[in-house]
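Read through the structure below, which is laid out as structure tokens, and then see the notes.
Just so it is clear, none of the values below were taken in a lab; they were calculated from the coordinates. In this text, all values refer to a predicted model and were calculated from it rather than measured experimentally. Here the Cβ positions follow ideal geometry from the backbone for every residue, glycine too, while neighbour counts run over all protein chains shown.
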Amino acid sequence: MKFNKFTVLLTAAAAASVPLSAMAHVGADGGGHHSLLDSFSHAIAHPFTGADHLAAMLAVGAWSALTVRPAWRAPAAFIALLVAGALAGFAGLWVPGVEPMIAASVLVLGLLLAVQQKMAWGAAAGMAGVFAFFHGAAHGYELAADTGMVAVGALAGMALGSALLHVCGMVLGQTLLQRHRWLASLGGVATAVLGVFMLTRLA
């Protein structure tokens, strides 16, 4: 897959412009949207507005592009288990350790990107899927106030927004980070540091 320079710059600009201050989950979105379109628009934006979700999903995409073959399988597993976790949270299933696991995912995925650790696609997809389930559960708790088509719109928006982040990570990985591996290491270290910071806040 080839991408032009405009696509790379657009992806980088979009990632750089996202605020990195919001890391709250349960209750952060408030739920209770009034229409399918409203819930969809809120949900598709949500992964872009939380530093943890943003960092984890970009890291999955970039790391997969650099080290996992075929590159799309780990991100696809992430999306599938993200939706499964969201459905579990939406249904009221209590998932223990959501916040610590989200923080751990940011740390681990950052380290994998930093050292550009190669991994068989099955193991990579399995690990990404486990982390994704906890990210999804956090979203699912936020959606608990939604019902019917409003909930469907929220789930669809969350999945699409997350997929877009994975694609952004894969674009960056394939077009920029493969040529400048030190940037991948730098980005991975920054992601891992965010994970450490999140874990210390939970301590």
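Details
- Multiplying the residue separation of residue 147 and residue 182 by 0.36 nm and subtracting their alpha-carbon distance yields 8.0 nm.
- Counting 0.36 nm for each residue step from residue 160 to residue 73 and taking away their Cα separation leaves a gain of 29.7 nm.
- Two-site label geometry, residue 91 and residue 199: point separation in nm, points 7 Å out along Cα→Cβ: 3.1
- More than 19 angstrom apart: percent of Cα pairs within region 51-202: 49
- Peptide ranges 79-92, 98-111, 178-191 listed from the most packed, as the mean C-beta count within 10 angstrom indicates: 98-111, 79-92, 178-191
- Whole-Hz couplings from phi, Karplus 6.51/-1.76/1.60, listed for region 92-97; x for Gly and Pro: x, 5, 7, 10, x, x
- The string of couplings for region 100-107 from the Karplus curve (6.51, -1.76, 1.60, θ = phi - 60°) is x, 5, 5, 4, 5, 5, 5, 5 Hz, one whole number per residue in order, with x for Gly and Pro.
- Charge tally in the Cβ shell below 15 Å around residue 194, where Lys, Arg are +1 and Asp, Glu are -1, residue 194 excluded: -1
- Normalised contact order of region 51-202, rounded percent, pairs of Cα under 8 Å and 6 or more residues apart: 44
- Region 113-184 - Kirkwood radius from inverse mean 1/r over Cα pairs (Å): 14.5
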